[in-house]
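Following: one structure in C-alpha cells, then a few remarks.
The values are calculated or read from the model by the stated rules, or taken from the named source; none is laboratory data. Note that the structure is a prediction, hence the values are computed from the model and not measured. Cβ placement follows ideal geometry from the backbone for every residue including glycine, while neighbour counts extend to all protein chains displayed. Quick note on the areas: whole protein, heavy atoms, side chains included, nothing else; ligands and nucleic acids left out. Shrake-Rupley method; radii C 1.70, N 1.55, O 1.52, S 1.80 Å.
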Amino acid sequence: MRPGLDPATAEVRRAVRTALEPRRGQTVVVGLSGGADSLALTTAVAFEAVALDVRAIAVTVDHGLQDGSDAVAARAADLARGLGLAAEVVRVDVSAAGEGPEAAARTARRAALAEAASRLDASAVLLAHTLDDQAETVLLGLARGSGATSLGGMAPERRDDAGLTWLRPLLSVSRATTLAACTAAGLQPWHDPHNDDPAFTRVRVRQRVLPVLERELGPGIADALARTAEQLREDAAAFAEMIDETIEDIVEPAEAGIAVSVAALAANPSALRTRILRHVVASEFHVSLTHRQTQEVERLVTDWHGQGPIDLPACRAARVGGRIVFSAST
C-alpha cells in the first residue's frame with residue numbers, strides 16, 4: 001500500500017487493477033450510475049487505466065423513471081470527466097412488459113451498455129456490483145429454491161454470446177468500503193431513493209433480512225454467502241465440463257429435434273443427468289426447464305412404465321425405444 005493511501009481506496013484500486021491487467025491497450029466501458037459503488041469503481045478505473053494504457057469511457061444510463069433523472073445522469077457524467085475520463089449519457093425507454101420494473105430496468109440498462117461498448121469498440125464493460133450485492137443475490141436464490149448454478153450468483157467475469165466481456169471487479173469489496181473510498185476522494189455519491197423502497201424485494205433483503213441474520217447468527221454473513229457463491233460457481237464449472245465431455249457421446253439428431261440415450265443417462269448420477277437434460281433443451285430449443293419439468297423428463301429414464309409424451313416449453317419429450325426424443329412443439 002502506498003504511504004498515506006486510504007485503505008478503502010487501496011482495496012478498490014487493487015480489485016480494479018486485477019480486472020484491468022488483461023485489458024492493456026484496450027478500450028473498456030464503465031457503468032456509472034453516480035451511486036457510491038459505481039463512483040468508487042469509476043474513480044479507481046480512472047487512476048489505474050493510465051498506468052495500464054487502458055482507454056476507459058464512463059457510460060451513465062438514464063432510465064427516466066424519476067423526476068430529475070436527467071440531471072442526476074448529467075452530474076454523474078461530469079464527475080467522470082472531472083476524473084479525466086470520457087463520459088456520455090444514454091437515455092433508455094424502460095418497458096415492464098412481461099417482467100417487473102427492476103428486471104425491466106436491468107434489461108434496458110444492459111442493452112444500452114452493450115450497445116455503447118459495440119459503438120465504442122470496447123472489449124469489456126465494468127459493473128459495480130459488490131460483495132453485499134452478491135450476498136443478496138444468493139439469499140434471493142435460496143428463497144426461490146434456485147439450483148446451484150443460480151446460487152453461484154454473479155460471476156466476476158462473463159463473456160456473452162456477442163463476445164463482449166462483463167467484469168465485476170468489486171465482488172470481493174463491501175458496500176461500506178466503496179462508500180469510504182468515495183469519502184476519501186471527497187466525492188459525494190448520489191443516493192437512489194429506490195434503494196430505500198421496501199416495495200422492492202432486494203431492498204427488503206438488504207434492510208431487513210441480512211441485518212437479522214447478522215444479529216442472530218453473528219457478523220460475517222455477507223462474506224459467508226459470497227464465499228458460498230464462489231464455491232458453487234466452481235462446482236457449476238466442473239459440472240459444465242463434465243457435461244461437455246459426456247454429451248457428445250450420448251446425443252444424436254432426431255426428426256424435428258434431438259435425442260438422448262436412455263442407457264447413458266441412466267448410467268450417470270442424478271445431479272449430472274438433470275443438468276444434461278436441461279442443457280439439451282436449452283441448447284436446442286432456447287428455453288429453461290423448471291425443477292419440476294426436469295423431474296418429469298427424468299422419470300422417462302428412471303421410472304418408465306409406458307407414460308406418454310411430456311409437454312414442455314417450446315418442445316415435448318417422449319421415450320422412443322432406448323432414447324429420450326425432444327421434438328419441437330407443433
message: Can you tell me which of (1) buried (at least 20 other Cβ atoms within 10 Å of the Cβ); (2) among the aliphatic types (A, V, I, L, M); (3) in a helix (DSSP H, G or I) is the one residue 122 doesn't meet?
response: (3)
task: Filter region 147-173 down to residues that are part of a helix (DSSP H, G or I) and acidic (Asp, Glu), then give me how many there are.
output: 0
task: Kindly check whether there is at least one residue in region 235-252 that is open to solvent by 50 Å² or more (accessible area, probe 1.4 Å), touching a Gly at 6+ places or on another chain (Cβ under 9 Å) and touching a residue at least 24 places away in the same chain (Cβ under 8 Å).
output: yes
message: Could you go through region 87-103 and let me know if any residue there is surrounded by 15 or more Cβ atoms within 10 Å (Cβ to Cβ), modelled with pLDDT of 95 or more and either under 22 Å from residue 178 (Cβ atoms) or hydroxyl-bearing (Ser, Thr, Tyr) (or both).
response: yes
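Answer yes or no: is there a residue in region 202-210 that is among the β-branched types (Val, Ile, Thr), within 27 Å of residue 14 (Cα to Cα) and either surrounded by 15 or more Cβ atoms within 10 Å (Cβ to Cβ) or free of Cβ contacts under 8 Å to residues at least 12 places away in the same chain (or both).
There is no residue in region 202-210 that is among the β-branched types (Val, Ile, Thr), within 27 Å of residue 14 (Cα to Cα) and either surrounded by 15 or more Cβ atoms within 10 Å (Cβ to Cβ) or free of Cβ contacts under 8 Å to residues at least 12 places away in the same chain (or both).
Take residues that are under 14 Å from residue 242 (Cβ atoms) and tell me which of the helices (runs of 4 or more DSSP H) falling wholly in region 255-309 contain 1 or more.
Counting at least 1 such residues, we get 262-266, 270-285.
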task: Go through region 7-34 and give me each residue that's in a loop (DSSP other than H, G, I, E, B) and either surrounded by fewer than 16 Cβ atoms within 10 Å (Cβ to Cβ) or in contact with a Phe, Trp or Tyr (Cβ under 6 Å, 6 or more places away or on another chain) (or both).
output: 24, 25, 34
- prompt: If a residue has to be touching a Ser or Thr at 6+ places or on another chain (Cβ under 9 Å) and open to solvent by 70 Å² or more (accessible area, probe 1.4 Å) to count, how many in region 150-175 make the cut?
  reply: 5
task: Would you tally the residues in region 253-273 being in contact (Cβ under 8 Å) with a residue 12 or more places away in the chain and either under 15 Å from residue 285 (Cα atoms) or open to solvent by 50 Å² or more (accessible area, probe 1.4 Å) (or both)?
output: 10
- prompt: Within the group 287, 262, 301, which residue is within 26 Å of the chain's Cα centre (by Cα) and at pLDDT 90 or above?
  reply: 287
- prompt: How many residues does region 218-254 contain that are in a helix (DSSP H, G or I), among the β-branched types (Val, Ile, Thr) and over 25 Å from the mean Cα position of the chain (by Cα)?
  reply: 3
message: Only one of 298, 230, 284, 214 is of a type in the set (Asp, Glu), surrounded by 12 or more Cβ atoms within 10 Å (Cβ to Cβ) and in contact with a strand residue (DSSP E or B) (Cβ under 7 Å, 6 or more places away or on another chain). Can you tell me which?
response: 284
message: Which residue is least open to solvent (accessible area, probe 1.4 Å), if the candidates are limited to region 70-86 and must be in contact with a Lys or Arg (Cβ under 9 Å, 6 or more places away or on another chain) and assigned to a helix (DSSP H, G or I)?
response: 73
query: Which members of region 174-187 meet the condition of being under 14 Å from residue 42 (Cβ atoms) and part of a loop (DSSP other than H, G, I, E, B)?
result: 185, 187
